[in-house]
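Take a look at the structure below.
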Ligand code: GTP
Ligand code: MG
């Protein structure tokens, strides 16, 4: 696909986001990104979570798109804006531009694909390079339903997550294993991190006190979560 085509698609996603952001019916908004090699199952994972659907057809993502899902944490309406990025290298410039302002990342590999596991370290470096310092990350080994074709053991996944200081889940978008749990945990650790910031700096005013909403851009100096 020509570069202009990709830019147009990314700009369509941006327009969709602007419309979506106009809906103020939430207490907090968290921007999340799903990243990882092509074909690990990022789009499938998002469709399973947002629409409870799955298809075995592979349509590789072009550029970037997002879905919205609202969850409730301690009586607060938390709107998740979940960006699904293309894993293919040629879209890297476009996709990394969206890292800024993300509060959480799902870094995915495929347990049946060694190369996707080897690439985790690089993806982690990309997060450090392009995102906000306090962004929270969960490592996910997807396709755990394909036991016969597994090449990355649970132990290796766990070891790598320990080494990188990340939490870890094995999941299956196909069989709906640990999909909801991954998102819920990510929301919880983002909330914990925000409460920590509040505790460590008493001059920070909670959003719930000011009535201000969290928006796409995290505002570490004045954001708080009552989750
Ligand atoms: P890009 O958009 O190119 O970055 O790929 P992606 O990571 O979005 O992969 P996608 O979700 O399109 O899935 C790739 C293929 O893996 C598709 O054929 C899916 O049906 C299949 N797939 C995704 N998740 C699972 C899973 O949990 N189990 C099994 N068995 N297949 C899966
Ligand atoms: Mg995709």
Requested in this report: Output the residues belonging to region 136-155 that are under 28 Å from residue 196 (Cβ atoms) and touching a residue at least 60 places away in the same chain (Cβ under 8 Å).
Outcome: 140
**Report entry** Where residue 75 falls short, out of the listed (1) at pLDDT below 95; (2) within 16 Å of ligand 1 (Cβ to nearest atom); (3) more than 21 Å from residue 132 (Cβ to Cβ)
**Finding:** (2)
Query - Count of region 42-65 residues which are within 11 Å of ligand 2 (Cβ to nearest atom) and either at negative phi or assigned to a helix (DSSP H, G or I) (or both) - result: 13
Query raised in the report: Somewhere in region 125-138, is a residue touching a helix residue (DSSP H, G or I) at 6+ places or on another chain (Cβ under 9 Å) and within 16 Å of ligand 2 (Cβ to nearest atom)?
Result: no
Requested in this report: Tell me, yes or no, whether region 103-114 has at least one residue that is touching a residue at least 24 places away in the same chain (Cβ under 8 Å), in a helix (DSSP H, G or I) and out of contact with any strand residue (DSSP E or B) (no Cβ under 9 Å at 6 or more places or on another chain).
Outcome: yes
Query raised in the report: Within region 108-127, can one find any residue that is at pLDDT below 95 and more than 18 Å from residue 183 (Cα to Cα)?
Result: no
Query raised in the report: For region 66-100, what are the residues that are within 12 Å of the chain's Cα centre (by Cα) and within 16 Å of ligand 2 (Cβ to nearest atom)?
Result: 66, 67, 82, 83, 84, 85, 98
Query raised in the report: Tally time: how many residues in region 28-61 are near ligand 1 (Cβ under 8 Å from one of its atoms) and over 25 Å from residue 146 (Cα atoms)?
Result: 0
Query - Given (1) in a strand (DSSP E or B); (2) at pLDDT below 95; (3) surrounded by 15 or more Cβ atoms within 10 Å (Cβ to Cβ), number of the condition residue 26 does not satisfy - result: (1)
Report task. Report whether or not residue 142 is under 19 Å from residue 47 (Cβ atoms) and either more than 16 Å from the chain's Cα centre (by Cα) or at pLDDT 95 or above (or both). Result -> yes
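The values are calculated or read from the model by the stated rules, or taken from the named source; none is laboratory data. Owing to the predicted nature of the structure, the values given are computational and were not obtained by experimental measurement. Backbone-built Cβ (ideal geometry, glycine too); neighbour counts: all protein chains shown.
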